[in-house]
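I have placed the structure first, in the form of structure tokens, so that the comments after it can refer back to it.
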Amino acid sequence: MDRAAISASILALTEGETDTVALMATVACEVHHHHPLADWTGFYRVVAPELLKIGPYQGGHGCLVIPFSRGVCGAAARSGKVLNVPDVDAFPDHIACASSTRSELVLPVWNGFGRLLGVLDIDSDTPAAFTAEDEAWLVPLLAQVFAKAE
């Protein structure tokens, strides 16, 4: 997987765009189709205090609503920290939106004004699918893409 090429593609596709949903749709599509172990890739949007709702995604159906108090996505939104979970069965209160999911990478998404827009959730049917390199690649990319998001 050529992370630099994927980043360049995402940045070119999203240049000048500030609509959060359009940005999320583009990032979800590109990451999903280029990460070899991604089985579900999508965003959960902050729609109310302490509440996430499904946004643009690629893959099978996801959970529609996730409170900040539940699961990996809720924990990442609540803490504002990246969560790389190599074994979802070992994560307390994991929400199994798909029974095949074995590992998960969830990254908070902030705009440049410090507002939490949601989380990027990447699920894999492979245990320990995500690496520190994935985190190091996606955190600055998300910051750049969503810097001016509304």
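Summary table
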quantity: Subset tally (residues that are free of Cβ contacts under 8 Å to residues at least 40 places away in the same chain and part of a strand (DSSP E or B)) for region 104-129; calculated: 6
quantity: Pair list, Cβ under 6 Å, 6 or more apart: region 62-90 residue touching a residue at least 60 places away in the same chain (Cβ under 8 Å), other residue hydrophobic (A, V, I, L, M, F, W, C); calculated: none
quantity: Any hit, region 118-126, residues being modelled with pLDDT of 95 or more and more than 15 Å from the chain's Cα centre (by Cα); calculated: yes
quantity: Top-ranked residue of region 25-83 - restricted to ones that are part of a loop (DSSP other than H, G, I, E, B) and acidic (Asp, Glu), ranked as farthest from the chain's Cα centre (by Cα); calculated: 50
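The values are calculated or read from the model by the stated rules, or taken from the named source; none is laboratory data. Just so we're clear, the structure is a prediction, and the values are computed from it rather than from any experiment. Virtual Cβ from ideal backbone geometry, glycine too; neighbours counted across all protein chains shown.
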